[in-house]
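Here's the structure we're looking at; comments come further down.
The values are calculated or read from the model by the stated rules, or taken from the named source; none is laboratory data. Please read all numbers here as calculations on a predicted model, not as lab measurements. Using ideal geometry, Cβ is built from the backbone for each residue, glycine included, and neighbour counts are taken over all protein chains shown. Heads up: the accessible areas ignore ligands, DNA and RNA and are worked out on the full protein's heavy atoms, side chains in. Shrake-Rupley method; radii C 1.70, N 1.55, O 1.52, S 1.80 Å.
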Amino acid sequence: MQTFTSQSQLLRRARCSGPFRRESVARSVQCAARRPVLQRHALNAVARMNVKESKSGAEFPLAQRFWEGDNEYRCLGASMRAKQILMIKAQVYAVALYVEAELAAKELGIRDRGGFFETDGDFCSALTDGAFNKTLVFTMLRDLEGQQFSDAVNDKLGPRMQLTGDTASLETFKSFFEGQKLSKGTQVMCLWTKAGDLEVVLLDAAAAAADLQRIAPKNRLHSEGFCRA
């Protein structure tokens, strides 16, 4: 087993807390042996953290693993969509964005050090262009018909897809929701892979805690343009 005798090496590699002392090789080995335990504790702590959407109170795990990619995903933030119904503003769904943490941190870090981020638009462009998987997780805040959800997507993306001439991909996406009941608590997960595929998974409230790494998506379309839209 490799041992580390400098303060920087010991704290960086073994991640042992407390002041550094120049001690025996046996002490260094003991500290290095604790590293997996400390890493597990840190990962378990992150796994218990949630990102809370401020208006609806909907919560999303800070760290998550999905069915694509070997890396852990991190939630960058959450928002909520509301719809005006007569005099009432009804909450429709909360949505969170996840990215592959390690790959995104590396790429976005390079751009940040290069002074690329001057506006929010620059950051959005970097997320869109980034060579890492991204996932949007929608949590329904009220009962919806699948067509209501797909119609809302159509209202937003329809004009863009007409400009690109790829309305067929939009129609394929809408077909995933035909005849579906999206009851309160249902989650819709849209994972955009680096290969340009969009994989869509619907989980009802009872299955929302399922092991997402074991899911085999049945709804898939290949369209870089639709994913970017």
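The residue list GLY158, GLY179 contains one member that is on the phi > 0 side of the Ramachandran plot, free of Cβ contacts under 8 Å to residues at least 60 places away in the same chain and in contact with a helix residue (DSSP H, G or I) (Cβ under 9 Å, 6 or more places away or on another chain), which is GLY179. Restricting PHE149, PHE138, PHE173 to residues that are outside any helix (DSSP H, G or I), buried (at least 18 other Cβ atoms within 10 Å of the Cβ) and of a type outside the set (D, E, K, R) narrows the list to PHE138. Considering segment 112-135, and only residues there that are open to solvent by less than 20 Å² (accessible area, probe 1.4 Å) and of a type in the set (S, T, N, Q), the residue that is farthest from GLN187 (Cα to Cα) turns out to be ASN133.
Pairing residues of segment 64-78 that are charged (D, E, K, R) with residues that are open to solvent by 60 Å² or more (accessible area, probe 1.4 Å), at Cβ distances under 7 Å and at least 6 apart in sequence or on separate chains, gives ARG65/GLN213; GLU72/ARG65.
Just checking, does segment 55-67 include any residue being acidic (Asp, Glu) and either buried (at least 18 other Cβ atoms within 10 Å of the Cβ) or modelled with pLDDT under 95 (or both)? Within segment 55-67, none of the residues are acidic (Asp, Glu) and either buried (at least 18 other Cβ atoms within 10 Å of the Cβ) or modelled with pLDDT under 95 (or both). For segment 98-111, the set of residues classified as more than 20 Å from ASP70 (Cβ to Cβ) and either surrounded by 15 or more Cβ atoms within 10 Å (Cβ to Cβ) or within 16 Å of the chain's Cα centre (by Cα) (or both) consists of ARG111 only.
All conditions in (1) out of contact with any Gly (no Cβ under 9 Å at 6 or more places or on another chain); (2) closer than 25 Å to GLU100 by Cβ; (3) of a type outside the set (A, V, I, L, M) hold for GLN162, with the sole exception of (2).
Within segment 112-133, identify whether any single residue is assigned to a strand (DSSP E or B) and either over 25 Å from GLU171 (Cα atoms) or under 16 Å from the mean Cα position of the chain (by Cα) (or both), and answer yes or no.
Filtering segment 112-133 for residues assigned to a strand (DSSP E or B) gives none.
Taking every residue of segment 112-133 in turn, none turns out to be assigned to a strand (DSSP E or B) and either over 25 Å from GLU171 (Cα atoms) or under 16 Å from the mean Cα position of the chain (by Cα) (or both).
Looking for whichever is on the phi > 0 side of the Ramachandran plot, modelled with pLDDT under 90 and hydrophobic (A, V, I, L, M, F, W, C) here; the options are LEU86, LEU43, LEU10. Which one fits?
Step by step, each of LEU86, LEU43, LEU10 is checked, and only LEU86 is on the phi > 0 side of the Ramachandran plot, modelled with pLDDT under 90 and hydrophobic (A, V, I, L, M, F, W, C).
Hey, does segment 78-89 have a residue that's within 11 Å of the chain's Cα centre (by Cα) and surrounded by 14 or more Cβ atoms within 10 Å (Cβ to Cβ)? Scanning segment 78-89, I find at least one residue that is within 11 Å of the chain's Cα centre (by Cα) and surrounded by 14 or more Cβ atoms within 10 Å (Cβ to Cβ), so the answer is yes. Within segment 188-203, is even one residue more than 23 Å from ALA63 (Cα to Cα), in contact with a Gly (Cβ under 9 Å, 6 or more places away or on another chain) and open to solvent by 40 Å² or more (accessible area, probe 1.4 Å)? No - not one qualifying residue is present in segment 188-203.
Looking only at residues in segment 209-223 that are in contact (Cβ under 8 Å) with a residue 24 or more places away in the chain and farther than 24 Å from LYS174 by Cβ, the one that is most open to solvent (accessible area, probe 1.4 Å) is ARG214.
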